[in-house]
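Each value in this text was obtained by applying a stated rule to the coordinates, not by laboratory testing. Computed from a prediction, not measured in an experiment: that's the story for all the values here. Virtual Cβ from ideal backbone geometry, glycine too; neighbours counted across all protein chains shown.
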Amino acid sequence: MTETMSEATLSRRFTFPGTSLTVQRIGYGAMQLAGPGVWGPPKDPDGAVAVLREALAAGVNHIDTADFYGPHVTNQIIRQALHPYPAGLVIVTKLGARRPPDGSWQPASLPEELTVGVHDNLRNLGLDALDIVNYRAMGSGHGPEDGSIAEQVTVLADLKRKGLLRHIGVSNVTAAQVAEAQTITDIVCVQNNFNLAQRQDDALIDDLARQGIAYVPFFPLGGFTPLQSSTLSAVADRLGAKPMQVALAWLLHRSPNILLIPGTSSVAHLRENLAAGQLTLLPQTLAELDRIAAAPEA
């Protein structure tokens, strides 16, 4: 990586608003610890444990998970690998989906389903209270859909008052839904689809940054057309980096409230993802990468 590397981005930290929870900006997403299709156990359970332990050894202290991964599998692996949890580790989970025996993804947004989901997470993670719980709105498509999420956020606020969770976030939501949720309770993070090629949340990210609220992009490395990928690859070649390292580094540069949770089941790939935090992109490179979102479909 030939551009400036004087300050490792991984060393830059973020504190969730109104909390004592401070994390490194590159975390780890646990979804890929489950089997193919995020269903069942992994082919290499020891390897999954090794990835989690390597992440913590490298300084990661933000793990994103969900009890419907597997289902139950990723949380049980996290507990096996890391419990009793070290001080300072922040585990963020999410509710809003269920996995019936056919392996499909179905909404689970009724009050009783959300309550059961909290207790499932507590039991499988081995916790008395959850650090942060995101309500993930499950639409019929891949992106956010208009509609009220007040009932679901109110349920989480009630569970917070009961001491079962400490802080609340929302996921796969519109800016209007974020604002609605904020009329009910404090929101500490938003998880949405965002990357170099998918820039629909630019205005939302800036608004959240002004409020000190974390924005956590999922699917940070997907959705690229061949033309977009060729641009990314050309930049990466010039920097002596991998394309996906550049894509992650761009996200870190995009706004100081962006937290990354790239997932992998490989220790080698984990190290590559963390190394993205050592890549500082110069202004002209950022401008070149910014043009990817405007590139025509190949």
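Here are a few things to note about the model shown:
- Label-point gap, in nm, between Ser104 and Arg271 - each point 7 angstrom along Cα→Cβ: 4.3
- Extension gain for the segment Glu151 to Asp128, taken as residue separation times 0.36 nm less the Cα-Cα distance, is 5.9 nm to one decimal.
- Under 14 Å from Lys94, Cα to Cα: aspartates and glutamates that are on another chain or at least 8 residues apart: Asp64, Asp67, Glu113, Asp120, Asp131
- Restricting attention to the chain, close to 15% of DSSP beta bridges with both partner residues there are antiparallel.
- Size of electric dipole in the stretch 165-298: Cβ of Lys, Arg +1 and of Asp, Glu -1, about Cα centre, debye, nearest 20: 340
- Where labels lie 7 Å past Cα in the beta-carbon direction, separation of Ser233 and Gln211 in nm: 4.0
- Hull-based mean projected area of the stretch 1-112, where the convex hull spans the alpha carbons, in square nanometres: 9.8
- The long axis of helix 243-254 is offset from the longest Cα principal axis of the chain by roughly 70 degrees.
- Spatially proximal aspartates and glutamates relative to Lys242 (Cα-Cα < 17 Å; intrachain offsets below 8 disregarded): Glu3, Glu272, Glu288
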